[in-house]
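The structure appears below as structure tokens.
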Amino acid sequence: MPFYQKRGITPDKRHIQFRDENGNLYWEELISREGFSWIYSNVYHKNPPTAVHKVGEFNPLKLEAWTETHRHHHLTTHSLNSKGDAISARVPLFFNSDCVLYKAHVSASMNDYYRNGHHDEIIFIHSGSGLLKTNLGQLNVAAGDYVVIPRGVIWQLDVEENMKHFIIETSGPVETPSRYRNRHSQLLEHSPYSERDIRTPDFDDPQTDGHMNVLVRLNSGYQMYAYTTHPCDLVGWDGYYFPWVFNIKDFMPITGKVHQPPPVHQVFQAPGLVICNFVPRVFDYHPEAIPAPYAHSNVDSDEILYYVEGDFMSRKGMKEGSITFHPGGLPHGPQPGKIQESIGAKEANEYAVMVDTFKPLNITTAAQAVDDADYPASWLEK
């Protein structure tokens, strides 16, 4: 994140002796990006962060593409066969070389800790609540939260109320949109949200428990590492690298006299994709405005739309948790009757998350079980 944070106790200078009340040295660890050339945090452990006493077997993550005809899709994910904790419940639905998109119905707290070693991730919490415990502090999370977890952060999620997650795993850092930042990375005055809306971790006392397992996500699977000490044993840290949370209901939409294009709804960016959200907003105010979006062919991207709640003004048959996939090469737009229905309407009452990828997406075999085969014909007049 483009602003400095400090938690706990730290020495006056980096890379100098830092001791506890008994004279024992704390262990300094630098967590950095792009070969020591981008954002970083310095963290201070009671115990060595390198003390792994056992390495488990590698378990591959199988991403199997469903070789289906090139067409539009509607996935009814509320009926997806998913259960378990925040990791075991994940069902991959789409992927390319830049991202993997999952849905998870989370009913259990995690027993082990987790560290994504090769990807950054956003967990959008559709419903439910819990406590995210990380090596950099804790965050209470609930419905509507985008939980941004940079790679390398160690975390565990305790479930308080059963949760539904939409997960976006990316090949690189998740950032605020560059169009809304100045040269110092501060969000600009016309940005639809500001740093005030971003929640950062509350620091907790260092954990002193003994052996602890950390499941590590690698490029093509998972591997368990057993540590001799607890990974959340920090006495302090400072820097620009940490998990953070932004809630969709804190997004202030940009509206106009006529229909605004999707980029005004952008909330994040990552390599190879952008993330937008649609929230309740006043409709266009030209006297002859058509609030419903026009048909469009974005020839450079595939579009995923995750429906959260409300009255989805351009679609029929959508339920909470529905996902539509509109691949590049095919136009899409409002379904029959939705344009006429929107004329004269004053406001939208909807929440949805959109992911546009700049490389074609593969749809997985797991998606086949919840695919609405009739969706491609839903634009026909009946």
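Selection within region 14-29: residues that are in contact with a Lys or Arg (Cβ under 9 Å, 6 or more places away or on another chain) and among the acidic types (Asp, Glu). The member of this set that is farthest from residue 153 (Cα to Cα) is 20.
Here is the figure for region 221-240: residues that are touching a Pro at 6+ places or on another chain (Cβ under 6 Å) and not aliphatic (A, V, I, L, M) total 2. Listed by position, the strands (runs of 3 or more DSSP E) inside region 1-105 whose residues that are among the β-branched types (Val, Ile, Thr) and under 29 Å from residue 238 (Cα atoms) number at least 1 are 27-32, 40-45, 52-60. The single condition among (1) surrounded by 14 or more Cβ atoms within 10 Å (Cβ to Cβ); (2) over 30 Å from residue 328 (Cβ atoms) that residue 63 does not meet is (2). Number of residues in region 217-270 that are over 23 Å from the mean Cα position of the chain (by Cα), assigned to a loop (DSSP other than H, G, I, E, B) and surrounded by fewer than 18 Cβ atoms within 10 Å (Cβ to Cβ) equals 7.
In this structure, residue 310 does not qualify as at pLDDT below 95 and assigned to a loop (DSSP other than H, G, I, E, B). Among the residues of region 117-159, the ones that are assigned to a strand (DSSP E or B), more than 19 Å from residue 103 (Cα to Cα) and of a type in the set (Val, Ile, Thr) come to 2 in all. For residue 113, state whether it is closer than 18 Å to residue 224 by Cβ and of a type in the set (Phe, Trp, Tyr). When the stated conditions are applied, residue 113 passes them. Filtering region 79-121 to residues that are out of contact with any Lys or Arg (no Cβ under 7 Å at 6 or more places or on another chain), surrounded by 20 or more Cβ atoms within 10 Å (Cβ to Cβ), under 12 Å from residue 366 (Cα atoms) and not hydrophobic (A, V, I, L, M, F, W, C) leaves 90, 92, 103. For region 271-291, the set of residues classified as surrounded by 15 or more Cβ atoms within 10 Å (Cβ to Cβ), more than 16 Å from residue 253 (Cβ to Cβ) and either among the small types (Gly, Ala, Ser) or over 14 Å from the mean Cα position of the chain (by Cα) (or both) consists of 272, 290, listed by residue number.
Taking region 153-173 as the range and being without any contact (Cβ under 8 Å) to a residue 60 or more places away in the chain, under 26 Å from residue 226 (Cα atoms) and not charged (D, E, K, R) as the test, only 156 passes. Taken over region 192-217, residues that are within 23 Å of residue 112 (Cα to Cα), out of contact with any Ser or Thr (no Cβ under 9 Å at 6 or more places or on another chain) and among the small types (Gly, Ala, Ser) amount to 0. Taking the conditions (1) part of a helix (DSSP H, G or I); (2) out of contact with any strand residue (DSSP E or B) (no Cβ under 9 Å at 6 or more places or on another chain) in turn, residue 286 satisfies each one other than (1). Is it the case that region 364-380 has a residue that's of a type in the set (Phe, Trp, Tyr) and touching a Pro at 6+ places or on another chain (Cβ under 7 Å)? Looking for residues that are of a type in the set (Phe, Trp, Tyr) and touching a Pro at 6+ places or on another chain (Cβ under 7 Å), one finds at least one in region 364-380, hence yes.
Of all the numbered requirements in (1) under 16 Å from residue 366 (Cβ atoms); (2) in contact with a Pro (Cβ under 6 Å, 6 or more places away or on another chain), residue 71 misses one, and that requirement is (1). A single member of 117, 56, 84, 144 is among the small types (Gly, Ala, Ser) and under 15 Å from the mean Cα position of the chain (by Cα), and it is 144.
If the requirement is being crowded, with 16+ Cβ neighbours inside 10 Å, in contact with a Pro (Cβ under 8 Å, 6 or more places away or on another chain) and touching a residue at least 12 places away in the same chain (Cβ under 8 Å), which of these qualifies: 150, 177? Give the derivation first.
Details: 177 fails: in contact with a Pro (Cβ under 8 Å, 6 or more places away or on another chain).
So the residue among 150, 177 that is crowded, with 16+ Cβ neighbours inside 10 Å, in contact with a Pro (Cβ under 8 Å, 6 or more places away or on another chain) and touching a residue at least 12 places away in the same chain (Cβ under 8 Å) is 150.
Here is the figure for region 156-169: residues that are more than 19 Å from residue 268 (Cβ to Cβ) and either of a type in the set (Phe, Trp, Tyr) or surrounded by fewer than 22 Cβ atoms within 10 Å (Cβ to Cβ) (or both) total 5. Within region 27-56, residues that are farther than 18 Å from residue 226 by Cβ and free of Cβ contacts under 8 Å to residues at least 40 places away in the same chain reach no partner that is part of a loop (DSSP other than H, G, I, E, B) and among the basic types (Lys, Arg) with beta carbons closer than 6 Å at six or more positions or on different chains.
The values are calculated or read from the model by the stated rules, or taken from the named source; none is laboratory data. Note that the coordinates shown come from a computational prediction; the quantities given were computed from them, not determined experimentally. Backbone-built Cβ (ideal geometry, glycine too); neighbour counts: all protein chains shown.
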